[in-house]
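A.B. asks: I have a structure I would like to understand better, so I am pasting it below and will then ask my questions one at a time.
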Amino acid sequence: MNLKLILGSAALALGSAAAFAGEGAVADQYKWLTFMVFGGIIGLTMYITYWASKRVHSTSEFYAAGRSISGVQNGWAIAGDYLSAASFLGIAGLISLYGYDGFMYSVGFLVAYITVLLVIAEPCRNIGKYTLGDILAFRNHPKASKTIAAVSTITVSIFYLTAQMVGGGVLVKTLIGIDYEVSVMVVGVLMLAYVVFGGMVATTWVQIVKAILLVTASLILVFLVWAPYGFSLPGFLDSVIHNEGVQKQVAKVIGTAAANMTPEELGQRFLDPGLFLKNPIDQISLGMALVLGTAGLPHILMRFFTVPNAKEARKSVVWAMGIIGGFYVLTLFLGMGAAIKVGPASIAALDKGGNMAAPILAQYLGGGADSMLGNLFLAFVAAVAFATIVAVVAGLVLASASAMAHDIYVGVIRGDHASPDEQVKAARVSSVIVGVVAIVIGIAAKGQNVAHLVGMAFAVAASGNLPAVLLTLYWKKCNTGGVVLGMLVGSFSAIALVMISPNMTYPKKVIADAKVVLEGAPAKDAVAAKASEGFLCELFATCQNAEPAKPAVDAKAPVSEKLAKLQASLPTLTDPAALAKAGKDAAKMEKDIKKAQDDLRMMEGQTTSLAGLEKPFFRLKNPGLLSIPLGFLMVILGSLLFRDKRSEEMWDELYVRQNTGIHAEGASAH
């Protein structure tokens, strides 16, 4: 029965995707190639799920893969769980558009694992059983600890899930033209198959396979990008500095300041900080959330319960750091390789955030959009990115389902007296509930800016989860009152600060920006744009072969008028390069007009954000700088204000167990 259901899930996903395929980055004549590669990878993961389904019979096997995963295997699985689409697509895209600043995200994500290795991995493995709630319940009040931990786990997972589901829908739609709603449902169906039938066993091995594919794809791309420079880093970076497309991108970002810089100085600026992360305080806040948030992510903490002992837990973190660190080094070459091979302008034209940089780089390296090999490379990278999203979503759903079934249903409602079969059934039902909710939220969030949700998930994990876990493990006076107060205030403050930050959508600003596009920029902006355009033309000699369009377009005219005149001028252009450039300009302008019109319709009648503000009240994009210290402070104050005899009595046993691992299998019996 399981085999039929699993194969049915795969067939439904592939059939739906093929039926709704439309326009995308892949040409129609090569769509079959894309679906063949997608089908191969999905088929492999479905076979793993079928194999795993025959091994999942007990609660331990569903939640923790029977604690049978080795340190090396778990290291690869952690890498597969951690390296999301944001790592593969987002960071490479940021580097391709902003250079050095994009690479700082790689550094932040990698350094985060030092915290995990030194203070979290071994103790959590020794005192926990399946979930974050088990860790906190060891010495604190079980029902209160598991309840607050479950709420936090579901909150963090929903934030992360929404961003992944929306990212998956946008990715597949952009690359192969499948409708957004269908793309989200395909991700959901596959993810549910992994979790419901295979539990942690299937999720682990899918993550391992996905990590291997991701690293393999990245190594192939980096080899092809770097080989022409003799694998010399100075030679590669020198080519970045002297690349005309990179220099134009820097000039565009810094504006009129570029007028006083030579082309080489502009290229060098790409390798310096400050193009994207311009506020040092915001950088510190973001860094704190990334570095400390990883140690509080529930789906990452769950991975340490799959290994047989603390030694393997430590080994798994070391392997994960090596794999993740190596991958993040590769993102430097992926991003900058895309910048010099494809060009920042072309990357931004396809996706303004640069998220398609790696897939389009693969297509270019294979021979371009009209070649079989180019589209094969693109299909492979797209399929790996898709598998990345599904694997990460599966881990998040499993974490949420574990919180609902193990912590709330079994721990709180049934008082830890549910039978093994009942626990597994509850876990599978919870997985379906979370999966359906994720699909619904993903579809409902279509067109919304959800990029801040990943940062919010890290901020909540760092502000609510980490203080509670860390002080439970290392502070004798920590108790239930402190844990509950710290997780509530830390998490709520992180969410509240994001709600009043620049991350939210402010209708008045959106409307003003749309009107600038449709009605023409103010005079001073028009003058600056004209000066910048003239400077770039002279600096890079981009206009020397082009016949200027006549009549000249007024810089302050509405964009719709500019578009009409630009399109009318196309037949008068004789130079092929000028004709191609004018055609691209017309297409981009038409796209900008449509977006502005859509924004005006969407914001019609609205004046305030979701939080009721006309403009941001909190100026930082990430709340970590305030919410993380507040979370620690609340745990300390709550522990000092409330007495908990059980927390004090269990300290000695916790101290011995977290450091020695003695009787670790019975940790949750308390």
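A.B. asks: What distance in nm separates the simple spin-label points at LYS352 and GLU264, each placed 7 Å from Cα in the Cβ direction?
C.D. replies: 3.6
A.B. asks: Per Stokes-Einstein, at 10 °C and 1.306 mPa s, what whole-number D in µm² s⁻¹ belongs to the range 217-360, with the Kirkwood radius over Cα pairs as the hydrodynamic radius?
C.D. replies: In µm²/s, the coefficient is 89.
A.B. asks: Here is a further query. Based on Cβ point charges of +1 for Lys and Arg and -1 for Asp and Glu, what charge dipole magnitude is obtained for the range 2-470 about its Cα centre, in debye rounded to the nearest 20?
C.D. replies: For the range 2-470, the charge dipole is close to 1080 debye.
A.B. asks: Taking a spot 7 Å from the Cα of GLU649 along the direction of its beta carbon, which residues of the range 120-162 have an amide N less than 14 Å from it?
C.D. replies: Within reach of a label on GLU649, which here means backbone N under 14 Å from a point 7 Å along Cα→Cβ, the range 120-162 contributes 139-142.
A.B. asks: Here's another thing I want to ask about it. Chymotrypsin sites (Phe, Trp or Tyr not before Pro), restricted to the range 139-234: which are DSSP loop and have at most 14 other Cβ atoms within 10 Å?
C.D. replies: PHE231
A.B. asks: Right, here's the next one. What is the order of SER647, SER419, SER60, fewest Cβ neighbours within 10 Å to most?
C.D. replies: Ascending number of Cβ neighbours within 10 Å: SER419, SER60, SER647.
A.B. asks: Per residue and in Å³, how big is the convex hull formed by the alpha-carbon atoms of the range 2-470?
C.D. replies: Taking the convex hull of the Cα positions in the range 2-470, it is 127 Å³ per residue.
A.B. asks: Next question, about the same structure. Work out the FRET efficiency for TRP475 and VAL516 from their Cβ-Cβ distance, taking R0 = 60 Å, and round it to the nearest 0.05.
C.D. replies: The calculated FRET efficiency here is 0.65.
A.B. asks: Using 0.36 nm per residue, how much length does the chain from THR660 to LEU600 gain when fully extended, once their Cα-Cα distance is taken away?
C.D. replies: My answer for the length gained is 15.4 nm.
A.B. asks: Would you please give the FRET efficiency between TRP32 and ASN279, computed as 1/(1 + (r/R0)^6) with r the Cβ-Cβ distance and R0 = 51 Å, to the nearest 0.05?
C.D. replies: 0.60
A.B. asks: Follow-up question, since we're still on this one. For an R0 of 22 angstrom, estimate the FRET efficiency from the Cβ-Cβ distance between ASP272 and GLU244 and round to the nearest 0.05.
C.D. replies: 0.75
A.B. asks: With a ≥ b ≥ c the root eigenvalues of the C-alpha gyration tensor of the range 29-139, is it rounded (a/c under 1.5), prolate (a/b larger than b/c) or oblate?
C.D. replies: Oblate, since a/c reaches 1.5 and b/c is not below a/b.
A.B. asks: Considering only the other residues whose Cβ falls under 12 Å of the Cβ of VAL186, what net charge follows from Lys and Arg at +1 and Asp and Glu at -1?
C.D. replies: Overall, the nearby charge balance is -1.
A.B. asks: Okay, moving on. If you keep only loop residues by DSSP, which trypsin sites (Lys or Arg not before Pro) in the range 586-651 have at most 16 other Cβ atoms within 10 Å of their Cβ?
C.D. replies: ARG619, ARG643
A.B. asks: Relative contact order for the range 2-470: what percent, with Cα pairs under 8 Å and sequence separation of 6 or more?
C.D. replies: 35
Laboratory data are not the source of any read-out in this text; all were calculated from the coordinates shown. Every value quoted in this text rests on a predicted model; they were computed, and no experiment measured them. Please note: Cβ atoms are built from the backbone with ideal geometry, for glycine as well, and neighbour counts cover all protein chains shown.
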